[in-house]
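Encoded as structure tokens, the structure appears first; notes follow it.
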Amino acid sequence: MAVRIGSGVEAWEVSNLMVAHNITVVAAGCNTVGGSGGWMSSGGHTTVTSTFGLGADQALSFEVVTADGRLVTADPLTNQDLFWALRGGGGGNRSQTQSI
């Protein structure tokens, strides 16, 4: 089972969705944090991370408007580089902390 969450949806709205449909979704722990954007690209830490993993690991695909105005889908098979970039790595990403 999967859900589609828009960029403006806050965690409290996702919580209401979970209750209404008796499902579990990895979502931000603070009610006013959005389900995508900074929370996702910083890893997607939440209160259920130890059980279900990071929010960034749960993303199946993204629909985004690119800088040139195109609407594209990014997933593991289509626009792969954009997909992995949107999932992010956060401040603890090894490539950001390596010494040169």
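The values are calculated or read from the model by the stated rules, or taken from the named source; none is laboratory data. Bear in mind that the values here come from a model prediction, so they are computed numbers and not experimental data. Here the Cβ is made from the backbone with ideal geometry for all residues, glycine too, and neighbour counts use every protein chain on show.
Residue by residue through region 4-52, note down the ones that are over 13 Å from the mean Cα position of the chain (by Cα), modelled with pLDDT under 85 and among the aliphatic types (A, V, I, L, M). The one that is over 13 Å from the mean Cα position of the chain (by Cα), modelled with pLDDT under 85 and among the aliphatic types (A, V, I, L, M): Val48. For region 1-34, the set of residues classified as in contact with a His (Cβ under 9 Å, 6 or more places away or on another chain) and β-branched (Val, Ile, Thr) consists of Val3 only.
Remark: pairs (first residue in region 53-80, touching a residue at least 24 places away in the same chain (Cβ under 8 Å) and β-branched (Val, Ile, Thr); second residue exposed (fewer than 10 other Cβ atoms within 10 Å of the Cβ) and in a strand (DSSP E or B); Cβ separation under 9 Å; 6+ apart in sequence or on different chains) are absent.
Mind listing whichever residues of region 11-43 are out of contact with any helix residue (DSSP H, G or I) (no Cβ under 6 Å at 6 or more places or on another chain) and under 18 Å from Phe62 (Cβ atoms)? Those that are out of contact with any helix residue (DSSP H, G or I) (no Cβ under 6 Å at 6 or more places or on another chain) and under 18 Å from Phe62 (Cβ atoms): Val14, Gly34, Ser36, Gly37, Gly38, Trp39, Ser41, Ser42. Of the residues making up region 6-60, those that are surrounded by 14 or more Cβ atoms within 10 Å (Cβ to Cβ) and among the charged types (D, E, K, R) number 2.
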